[in-house]
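*Asks:* Before anything else, here's the structure in question.
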Amino acid sequence: MQQSWLECIRGCGKRYSIYDVIYRCENCGGLLDVEHNIKALKRRTAASWKKLFDDRTRTNKWPYASGVWGKKEWVCPDIDNENVVSMYEGHTNCFWAERLGKEIGVPDLWVKLCGNSHTGSFKDLGMTVLISVVKQMIADGKPIRAVACASTGDTSAALSAYGAAAGIPTIVFLPKGKVSTAQLVQPIANGATVLSLDTDFDGCMRIVQEITADNSIYLANSMNSLRMEGQKTVGIEIIQQFDWEVPDWIVIPAGNLGNVSALGKGLLMMRDLGLIKKLPRIACAQASHANPLYLSFLNGYKEYKPVEAKKTLASAIQIGAPVSYERAVKVLRQFDGIVEQATENELANASARADRAGLFTCPQTGVALAALSKLIEHKVIKKKDRVVVISTAHGLKFSQFKVDYHEKNLSDVNSLYPNSPILLPADVNAVRKAIDHAIGK
Ligand SMILES: *Cc1c(COP(=O)(O)O)cnc(C)c1O
Ligand SMILES: [Zn+2]
């Protein structure tokens with residue numbers, strides 16, 4: 001029997017092989033999720049799973065040293081190890097944000113630095129699984145010419161790097177002028193075919209779905225659930241980093257809603273296999289300029305309308321019609337979840353404030369931190385709670401955002417923590433005076 005397969009998320013029962021080139025159920029059009037043979041996985045005790053995962057983090061045995069492939073039996077059990085394309089994903093630091101936490105009123109605050117990764121964002125966690133499966137398909141004789149994605153920047157960076165490492169051609173669809181320079185240059189450097197379309201992310205998504213309809217070009221967007229299998233390890237890893245204790249809250253920025261769905265999936269698997277007894281609550285954070293999930297949350301998910309996403313500094317989550325809406329609502333219901341939003345001014349200042357306590361946050365992480373502050377103010381999150389914020393990308397990918405913030409050049413933003421270089425002549429007395437002025441005598 002197969003240890004994992006694709007299954008319709010609407011519960012109509014239709015199943016496919018994970019090596020089939022298919023993204024939606026043929027019966028009902030629902031998205032497909034990877035499901036695992038839980039009965040077989042239950043043959044190992046919870047304690048024994050924990051020991052296995054802990055032991056692997058201390059070895060270099062291919063491919064298990066990666067944070068994703070260290071959980072291979074839960075992620076992608078049937079693949080040949082020789083077809084795994086890995087760059088040591090995961091094992092990112094869970095930073096104790098002690099100073100920031102005290103300032104904002106939750107001393108037990110941690111930030112999971114998923115951007116400390118090969119291409120600088122959490123997208124690597126999922127892309128290692130997707131590209132490995134494609135490599136296996138090609139090895140098995142499937143006629144796949146290339147892998148393609150629409151992207152707000154980070155997916156295309158991950159796709160092109162993993163594709164280049166595996167020798168698989170990649171095609172990325174980017175909304176023209178809506179990704180950062182760093183994000184644009186990554187697929188260019190990796191030799192991807194870079195298509196810059198005169199539209200937004202949602203427009204790119206529509207076109208890539210048509211281009212990949214003929215099945216010789218494989219679709220790498222997060223409606224493809226293989227990526228969620230890698231991304232779901234983030235929650236497992238957080239709990240492992242707390243010696244298998246469950247935090248009270250996990251706060252996560254959300255755009256296409258694949259990541260929050262994956263987070264929930266991994267945690268539910270831990271519960272089902274007995275590794276944890278309780279679940280954390282999940283808070284989803286959206287930019288107020290791209291907030292379809294927030295609006296739907298306000299009416300108890302009774303009504304859902306895609307929105308036209310407006311320009312936001314949090315460009316990686318500038319998405320108005322999230323593909324994984326259904327999956328995310330399912331997860332939020334099970335985790336007593338909530339959704340909060342942040343304005344441009346709030347996200348930029350939250351990001352800068354965190355940087356002053358030693359972080360270097362991307363604007364999406366700024367959205368999560370701003371939402372966290374609001375939830376503390378509203379007493380939804382309490383002082384004694386242990387909170388983990390998922391930081392989704394490295395701040396260096398968004399250096400222009402930081403430069404503009406500190407030069408007070410962002411529209412709709414009143415920079416509360418600007419810091420600029422002090423221009424001085426090469427003169428010791430002038431330098432001394434400037435230092436005394438800056439840090440006090
Ligand atoms: C992709 C991305 C997100 C959003 O993840 P979704 O799965 O689209 O909700 C958030 N932050 C960054 C930096 C990203 O690249
Ligand atoms: Zn179905």
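The values are calculated or read from the model by the stated rules, or taken from the named source; none is laboratory data. The model shown is predicted, which means the values in this text are computed figures rather than measured ones. Cβ coordinates were reconstructed from backbone atoms using ideal geometry, including for glycine residues, and neighbour counts include every protein chain displayed. Heavy atoms of the whole protein, side chains included, go into the accessibility calculation; ligands, DNA and RNA do not. Shrake-Rupley method; radii C 1.70, N 1.55, O 1.52, S 1.80 Å.
*Asks:* Can you run down the residue pairs with Cβ atoms below 7 Å, 6 or more apart or on separate chains, where the first is in the range 334-353 and free of Cβ contacts under 8 Å to residues at least 12 places away in the same chain and the partner is surrounded by 20 or more Cβ atoms within 10 Å (Cβ to Cβ)?
*Replies:* Close Cβ pairs satisfying both conditions: none exist.
*Asks:* Filter the range 173-188 down to the residues that are touching a residue at least 24 places away in the same chain (Cβ under 8 Å), more than 18 Å from the chain's Cα centre (by Cα) and over 19 Å from Leu313 (Cα atoms) and list them by number.
*Replies:* Phe173, Pro187
*Asks:* Restricting attention to the range 355-375, does a residue exist that is within 14 Å of Asn291 (Cα to Cα) and not hydrophobic (A, V, I, L, M, F, W, C)?
*Replies:* Looking through the range 355-375, at least one residue is within 14 Å of Asn291 (Cα to Cα) and not hydrophobic (A, V, I, L, M, F, W, C).
*Asks:* Mind checking which residues of the range 364-411 are within 16 Å of ligand 1 (Cβ to nearest atom) and farther than 28 Å from Lys178 by Cα?
*Replies:* Matches in the range 364-411: Val388 only.
*Asks:* Return only the number of the condition from (1) more than 24 Å from Pro322 (Cα to Cα); (2) β-branched (Val, Ile, Thr); (3) in contact with an Asp or Glu (Cβ under 9 Å, 6 or more places away or on another chain) that Val129 does not satisfy.
*Replies:* For Val129, the exception is condition (1).
*Asks:* Which one of these does Val380 not meet: (1) more than 15 Å from Val413 (Cβ to Cβ); (2) of a type in the set (A, V, I, L, M); (3) buried (at least 21 other Cβ atoms within 10 Å of the Cβ)?
*Replies:* Only one criterion in (1) more than 15 Å from Val413 (Cβ to Cβ); (2) of a type in the set (A, V, I, L, M); (3) buried (at least 21 other Cβ atoms within 10 Å of the Cβ) is unmet by Val380, namely (3).
*Asks:* Next up: Assess whether Glu237 counts as being assigned to a helix (DSSP H, G or I) and open to solvent by less than 20 Å² (accessible area, probe 1.4 Å).
*Replies:* So Glu237 passes the test.
*Asks:* Looking at (1) buried (at least 24 other Cβ atoms within 10 Å of the Cβ); (2) in contact with a strand residue (DSSP E or B) (Cβ under 6 Å, 6 or more places away or on another chain); (3) closer than 29 Å to Arg56 by Cα, can you tell me which one Val172 breaks?
*Replies:* Val172 satisfies all of (1) buried (at least 24 other Cβ atoms within 10 Å of the Cβ); (2) in contact with a strand residue (DSSP E or B) (Cβ under 6 Å, 6 or more places away or on another chain); (3) closer than 29 Å to Arg56 by Cα except (3).
*Asks:* Further question on the same structure: Report, ordered by the first and then the second residue, all pairs with beta carbons closer than 6 Å, sequence separation of six or more or different chains, a first member in the range 7-25 that is closer than 21 Å to Ile131 by Cα and in contact (Cβ under 8 Å) with a residue 12 or more places away in the chain, and a second member that is within 11 Å of ligand 2 (Cβ to nearest atom) and among the hydroxyl-bearing types (Ser, Thr, Tyr).
*Replies:* Ile22/Tyr16
*Asks:* Can you find a residue in the range 67-82 that is part of a loop (DSSP other than H, G, I, E, B) and at positive phi?
*Replies:* Looking for residues that are part of a loop (DSSP other than H, G, I, E, B) and at positive phi, one finds none in the range 67-82, hence no.
*Asks:* Another one. Which count do you get for residues in the range 366-382 that are free of Cβ contacts under 8 Å to residues at least 12 places away in the same chain and within 20 Å of Phe398 (Cα to Cα)?
*Replies:* Adding up the residues that qualify gives 0.
*Asks:* With the checklist (1) in a helix (DSSP H, G or I); (2) more than 13 Å from the chain's Cα centre (by Cα); (3) closer than 18 Å to Cys94 by Cβ in hand, flag the one item Asn259 doesn't pass.
*Replies:* Tallying (1) in a helix (DSSP H, G or I); (2) more than 13 Å from the chain's Cα centre (by Cα); (3) closer than 18 Å to Cys94 by Cβ, Asn259 fails exactly one: (2).
*Asks:* In addition: If you go through the range 241-262, how many residues are among the polar types (S, T, N, Q) and over 27 Å from Ile319 (Cβ atoms)?
*Replies:* 1
*Asks:* While we're here: Suppose we keep only residues that are within 11 Å of ligand 2 (Cβ to nearest atom) and surrounded by 15 or more Cβ atoms within 10 Å (Cβ to Cβ) within the range 13-23. Which one would you say is nearest to Gln231 (Cα to Cα)?
*Replies:* Tyr16
*Asks:* How about the range 24-52: which of its residues are in a loop (DSSP other than H, G, I, E, B) and open to solvent by 30 Å² or more (accessible area, probe 1.4 Å)?
*Replies:* Of everything in the range 24-52, those that are in a loop (DSSP other than H, G, I, E, B) and open to solvent by 30 Å² or more (accessible area, probe 1.4 Å) turn out to be Glu26, Asn27, Cys28, Lys42, Arg43, Arg44, Thr45.
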